[in-house]
1. What FRET efficiency, computed as 1/(1 + (r/R0)^6) with R0 = 41 Å and r the Cβ-Cβ distance, is obtained for Gln38 and Ala73, rounded to the nearest 0.05?
2. Have a look at the DSSP beta bridges in the chain and tell me what percent are antiparallel, nearest 5.
3. Roughly speaking, to the nearest percent, how much of the stretch 30-116's 1.4 Å accessible area is carbon and sulfur?
4. Please calculate how many Å² of accessible area the chain carries per residue, with a 1.4 Å probe and no DNA, RNA or ligand atoms counted.
5. Find me the longest stretch of the chain that has none of the exposed trypsin sites (Lys or Arg not before Pro), where exposed means in a DSSP loop (not H, G, I, E or B) with at most 15 other Cβ atoms within 10 Å.
6. Treating only the Cβ of Lys, Arg, Asp and Glu as charged (+1, +1, -1, -1), what charge dipole size does the chain show about its Cα centre? Round to the nearest 20 debye.
7. Over the stretch 1-62, one equal point on each Cα, no solvent: what is log10 I(q)/I(0) by the Debye formula at q = 0.15, 0.16, 0.18, 0.21 Å⁻¹?
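The values are calculated or read from the model by the stated rules, or taken from the named source; none is laboratory data. This one's a predicted model, so the numbers in the text were calculated from it and none came from an experiment. Every residue, glycine among them, receives a Cβ derived from its backbone with ideal geometry; neighbour counts consider all protein chains shown. All accessible areas refer to the heavy atoms of the entire protein, side chains included, with ligands and DNA or RNA removed. Shrake-Rupley method; radii C 1.70, N 1.55, O 1.52, S 1.80 Å.
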Amino acid sequence: VQLQASGGGLVQSGGSLRLSCAASGINFAVNTVHWYRQAPGKQRELVAAISSAGSTDYGRFVKGRFTISRDNAKNTVYLQMNSLNPEDTAVYYCNCNRLVPFQAYWGQGTQVTVSS
């Protein structure tokens, strides 16, 4: 199983980025996929999640700025991030957990840097 995250970069405050997480060896359509982030000196926190049924959940700090979506044909999950601010600077990781038996899979992380 491999999760490949991409799409990070440097953007000015107020800008947008779209992150992608492409999977092989696991079917995103039947699993919940998460985006987490970790800023220097801070704990990893949940950014967004999308279930197999398509329901979504977001961290409180998102406040309507981000949208998580899934393309089943491409086995890829996206995170559209708008109205970025410097507090969004972090390494963003995608995650998917196989439940039986339990195994957590993580992408390699993609750096998002928002300049003021």
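1. 0.85
2. Within the chain, antiparallel bridges account for around 90 percent of the total.
3. Carbon with sulfur: 50 percent of the solvent-accessible area.
4. Here the residues of the chain average 53 Å² of exposed surface.
5. 75-116
6. 60
7. So the normalised log intensities are -0.58, -0.66, -0.82, -1.07.
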